[in-house]
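Note sheet for the following structure.
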Amino acid sequence: MSELALPLVGLVGGVLAGVSPCVLPVLPIVLLGSAGTGADGHRTSRARPIAIVAGLVLSFSLFTLFGTVVLSLLHLPTGLIRWVGIAALLVLGAAMLFPPLERLVERPFARIPQRIPGFRGDGAAGGFALGVALGAVYVPCAGPVLAAIALAGATDTIGPRTLILTASFAVGTAIPLLAIALTGHRLADRVRALQRRQRTIRAVGGVLVIALAVALALNVTDLIQRRVPDYTQAVGDRLGAVAVAPQVTGAGSLQQCQQAAFTGTAQLTDCGRAPEFAGLGPWLGAAPRTMADLRGTVVLIDFWVYSCINCQRELPHAEAWWKNYRDFGFEVIGVHTPEYAFEHDVGNVTAGARKLGLTFPIAVDNRSATWAAYRNVAWPAGYLVDATGTIRLVTLGEGHYDKAESAIRSLLLAARPGATLPPATDIPDATPRNAGRTPELYLGAEKQQGYGGTGDYAAGTRVFTRPDVVQPNRFALDGTWTVGAEDIRAGERAALTLAYTAQRVFLDVGGTGTLTVTEGGAVRTIPVDGPPDIRTVVDRPASGAGTVTIGLSPGLTAYSFTFG
């Protein structure tokens, strides 16, 4: 990509970030924060919305470029910036409710607006402070383009290209946010009813700021973002790929190694220093570890989740490698990062690990902090770290186990020259090869994309009627069901009908009862007892198209279909 195209990529990426669903929780704050009164009770000028957006884009750019480096040097957790931003929002929300506190908060920022042309005006200092706090929590909204910027900061490769991309991204994201902020100010300036209620608007804004801080702390905003289709994702992903493409020839890029894993071209290289573990606990089968503790050891960091069929096919290989090479300086750390609510239950994780026969150390990552530290994107995922603490290979998904084991053996011999390693393991590769199989189908209202029945598929309890024909790669319901955000619970005469293409079909289901599986005139019963996990409902000699109906006992809860 030419240097002239780089600012355009950043600019378009910034505009997309400013209109993406991720920014929705922030918009009311930008809108109402630009209206109302200043700390002195006078109506704010045009300076305040400009100051809010200026503070936001400046702070998230600086946090993204340098935050990871600074936290690493100070040995602080990677999520600290976000929590500082949340704390600042709580203080600023309270300040908007209580003018004396707001005057106190604005004091450190008061000189900045006075020295910048166009920033003179009531409330500009407080607006700048609000924008700085919003910037700290806005960073995750920035998508693939800013992920490339963040990666450059995390791997100490900040250069002219990164600075150009950051600046153009900041300008792009400021455009829609500034339009929203100015809209809020103009409404308050022109609508008489709003003019008479300036202080009330200010108080409502303060309450919303506090509510946003609480929602961020409890991850409620994630639910809002997932409920709204991300209409910018496809374009953002392409821009992110373009932004990172020039880094492919250089070393030290974790995102480069992830892209190579996606394309099947991964090989031993320098993917940058392995981030320290963050937010892990409890540990199962071992005392807590750190990357510093593991220095001198070749380590496979394996991200998995117990009810994932792809993980269940990959984990036997990780277990076999650990048993085969642990006496030669090799360690496997299984990082269990949940997808569903039930996967946060440590008892369920322990039972799942026992069922899978895992004996290597497992760390529970219920806050997804280590997942975020590695910028991971999939289950299963492996990060192979050499004895110096450098990530040398990334694997995403299933397959290529011979290549991964060869890399393990190479790193072990590099760490212990002359060592005599045991023969390579010989675990069958169960990766499905039928490329045309049905993709994973989520059943909860929050993420479902494969509902092929009639009527509205929204949260609540109601009676469904199955259509005469279910289209390929779709499912339909019959009988009484309670549809939840991430699951569906069976009631009277509850049944699922699925039209699929696969050799094997798996249903993630939990509770106590039975599944009655009917296909092609054959009927069989599958007992269910225990926490949610995958059950095999179809197992054919070869891959092909079919339609299966599964009756569920009242009370059973189903989450998704996966295929093999």
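The values are calculated or read from the model by the stated rules, or taken from the named source; none is laboratory data. Since we're looking at a predicted model, the values are computed, not measured. Glycine also receives a Cβ, built like all others from the backbone with ideal geometry; neighbour counts cover every protein chain displayed. Heavy atoms of the whole protein, side chains included, go into the accessibility calculation; ligands, DNA and RNA do not. Shrake-Rupley method; radii C 1.70, N 1.55, O 1.52, S 1.80 Å.
If the Kirkwood radius is taken over C-alpha pairs of the stretch 270-315, then at 20 °C and 1.002 mPa s the Stokes-Einstein diffusion coefficient equals 167 µm²/s.
Inter-part distance, the stretch 538-564 to the stretch 334-378, computed on C-alpha centroids, equals 25 Å. With the alpha-carbon atoms of the stretch 246-415 aligned to their principal axes, the span from lowest to highest coordinate is 44, 35, 28 Å, starting with the largest.
Per-residue SASA remark: HIS317, around 10 Å² accessible (1.4 Å probe; ligands, DNA and RNA not included).
Working from the Cα coordinates of the stretch 304-386, the gyration tensor eigenvalues give, after taking √(5λ), semi-axes of 20, 16, 11 Å in decreasing order. About its Cα centre, the dipole of the stretch 303-355 is roughly 200 debye, where the only charges are +1 on Lys and Arg Cβ and -1 on Asp and Glu Cβ. When we measure straight from the Cα of LYS355, which lysines land under 21 angstrom away, once same-chain ones fewer than 8 places off are left out? Candidates past the 8-residue exclusion: LYS323. Taking 0.36 nm per residue of separation and subtracting the Cα-Cα distance, full extension of the segment from PHE262 to VAL377 would add 40.4 nm. LYS447 contributes about 80 Å² of solvent-accessible surface, heavy atoms of the protein only, 1.4 Å probe.
Taking 0.36 nm per residue of separation and subtracting the current Cα-Cα distance, fully stretching the chain between ASP539 and ALA341 would add 68.5 nm. Taking all protein chains together and a 1.4 Å probe, the residues TRP379, TRP321, TRP371 rank TRP379, TRP371, TRP321 from largest to smallest accessible area.
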